[in-house]
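Visitor: Supplied in structure tokens, the structure appears directly below.
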Amino acid sequence: MFLQSFHSSYQDSISISAEQGSDFAKSVSNDFNPIHDTASKRFCVPGDLLFALVLQRYGLSKEMSFNFSGMVSADTALCFPPAVGEHFRVIDQRGKCYLEVSRGGESVANMGLIEQLVKVYVLFSGQNFPHILVPLMAQEQVMINPERPLVIYDSMSLRLDRLTLTKPTVELAGTSLRVDGKRGEAQLQFRFMDQGRVVGHGVKNLILSGLREYKQDAIDRMVADYLGRTG
């Protein structure tokens, strides 16, 4: 599968270097979040890469949920269980959990389909900022810290009506932002499409920290800086 260059495998674990994680974020997800820069002191492995690795190893189920419980640093040895049921965890060698997965319904291990779905989902997922989050923050008149922007991938779930897909795509279906002091919880609803028909739905949840009063000039600079990174 196309994920081979984005991780290193060992007997009972895998690891992801800063270069591998950053390359996946930028070349596959089109995600230029600074925490995925190789030189970032707060570097973390993209959650979308962990999502992709789970599907590659265990297949795609009609119903799946992913709950991220920690930020994965570069070169962390991650233990993916050799055999799984409806619920399983991805942990490090000390037992710290980074990802909890639940799944149900029919499953398939069609790598061609899984690669298609992974690519369209992570490309959608990587567009959080500025296209989706800036309008949400403007609506609620709050913003993340422009000096230390931090948006954390909290969880994601999907439900597919069928697993016989020809050319799946993902599109935004709705958004919301709940603010509680300096913390915000953003929810992005999306749907899976195939040949013009809705074939499934999903929800992605994000945590925004360090919220403060919305200032348009600061947002404009942050957006310009982000878009400058994509060039």
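Visitor: Could you check, for the range 1-21, whether at least one of its residues is acidic (Asp, Glu) and more than 29 Å from residue 145 (Cβ to Cβ)?
Guide: yes
Visitor: List pairs: first residue in the range 46-66 and acidic (Asp, Glu), second residue at pLDDT below 95 and not in a helix (DSSP H, G or I) anywhere in the structure, Cβ distance under 6 angstrom, at least six positions apart or on different chains.
Guide: 48/29
Visitor: Shifting gears a bit: Working only within the range 184-214, note down all residues that are of a type outside the set (Gly, Ala, Ser), touching a Lys or Arg at 6+ places or on another chain (Cβ under 8 Å) and in contact (Cβ under 8 Å) with a residue 40 or more places away in the chain.
Guide: Hits for the range 184-214 are 188, 190, 201, 207, 208, 211, 212.
Visitor: Also, I was wondering about something else. Need the failing condition index for residue 114 against (1) crowded, with 16+ Cβ neighbours inside 10 Å; (2) under 21 Å from residue 220 (Cα atoms), just the number.
Guide: (2)
Visitor: Quick check: is even one residue across the range 159-170 touching a helix residue (DSSP H, G or I) at 6+ places or on another chain (Cβ under 8 Å), of a type in the set (D, E, K, R) and in a loop (DSSP other than H, G, I, E, B)?
Guide: Checked against the condition, which is being touching a helix residue (DSSP H, G or I) at 6+ places or on another chain (Cβ under 8 Å), of a type in the set (D, E, K, R) and in a loop (DSSP other than H, G, I, E, B), the range 159-170 yields at least one hit.
Visitor: Within the range 172-223, track down each residue that is exposed (fewer than 11 other Cβ atoms within 10 Å of the Cβ) and over 20 Å from the mean Cα position of the chain (by Cα).
Guide: Within the range 172-223, 180, 181, 195, 196, 197, 213, 216, 217 qualify.
Visitor: While we're on this one: Filter the range 138-179 for residues that are farther than 26 Å from residue 201 by Cβ and not aliphatic (A, V, I, L, M) and give the result.
Guide: 141, 145, 146, 147, 148, 149, listed by residue number.
Visitor: Same structure again: Going through the range 1-34 one residue at a time, which ones are more than 18 Å from the chain's Cα centre (by Cα) and assigned to a loop (DSSP other than H, G, I, E, B)?
Guide: 1, 10, 11, 12, 13
Visitor: Still on this structure, I have one more. Sort out which residues of the range 169-183 are over 16 Å from residue 139 (Cβ atoms), touching a residue at least 40 places away in the same chain (Cβ under 8 Å) and not aliphatic (A, V, I, L, M), and write them in order of number.
Guide: Listed by number, the residues that qualify are 169, 171.
Visitor: Of the residues in the range 94-115, how many are in contact with a Ser or Thr (Cβ under 9 Å, 6 or more places away or on another chain) and either of a type in the set (Phe, Trp, Tyr) or over 20 Å from residue 79 (Cα atoms) (or both)?
Guide: Within the range 94-115, residues that are in contact with a Ser or Thr (Cβ under 9 Å, 6 or more places away or on another chain) and either of a type in the set (Phe, Trp, Tyr) or over 20 Å from residue 79 (Cα atoms) (or both) number 7.
The values are calculated or read from the model by the stated rules, or taken from the named source; none is laboratory data. Given the structure is predicted, the values throughout are model-derived calculations rather than measurements. All Cβ positions, even for glycine, are placed from backbone atoms using ideal geometry, and neighbour counts span all protein chains on display.
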